[in-house]
């Protein structure tokens, strides 16, 4: 699972997050630095619209997901859009300046298929507290063992994208 062939739209939300394009690209094992936008949902929206020509696009912003989805719909784009929240889950944290590994893990997480992505979001408490295998299974209608296998498979895929620190970056 590589993000090299994916379009990534990462924004520092009007400079409210310290994002290092080279460090983020290195953490994701990308060949080129990531372009960091400052106002992707406003002045730089043309860059997002340009990405609608691509097969898929990962947007590191959930707050403006309705706007980006509407723009894609109006353009008649077939682009598969995925949104990930790096701001609340990493960039605005107490350790925001050192959040590059966690931001990289979040971007790699966006590329995981469902239900693997949702299992990790629940297991590691991205929206609140971490959940048990049993509670995730109950929510998704799957057995505890199936959730355990999905978690293991997802972490293995992240490890390929991130190297050996994939699991550590998620739990940081």
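The values are calculated or read from the model by the stated rules, or taken from the named source; none is laboratory data. It should be emphasised that the depicted structure is a prediction, and the values quoted were computed from it without experimental measurement. All Cβ positions, even for glycine, are placed from backbone atoms using ideal geometry, and neighbour counts span all protein chains on display.
With respect to the conditions (1) at pLDDT 95 or above; (2) over 20 Å from residue 81 (Cα atoms), residue 27 falls short on a single one, namely (1). Just one of (1) part of a helix (DSSP H, G or I); (2) closer than 30 Å to residue 145 by Cβ; (3) touching a strand residue (DSSP E or B) at 6+ places or on another chain (Cβ under 9 Å) fails for residue 109. It is (3).
Against the test of being under 15 Å from residue 12 (Cβ atoms) and modelled with pLDDT under 95, the options 40, 106 yield a single qualifying residue, 106. Quick one: would you say residue 119 is in the same structural domain as residue 146 (by TED's automatic domain parsing) and either modelled with pLDDT of 90 or more or touching a helix residue (DSSP H, G or I) at 6+ places or on another chain (Cβ under 8 Å) (or both)? When the stated conditions are applied, residue 119 passes them.
Checked against the criterion of being more than 18 Å from residue 25 (Cα to Cα), at pLDDT 90 or above and outside any helix (DSSP H, G or I), segment 143-161 contains one or more residues that satisfy it.
Do the conditions hold for residue 153, that is, is it surrounded by fewer than 16 Cβ atoms within 10 Å (Cβ to Cβ) and under 15 Å from residue 109 (Cα atoms)? First the steps, then the outcome.
Working: surrounded by fewer than 16 Cβ atoms within 10 Å (Cβ to Cβ): yes; under 15 Å from residue 109 (Cα atoms): yes.
When the stated conditions are applied, residue 153 passes them.
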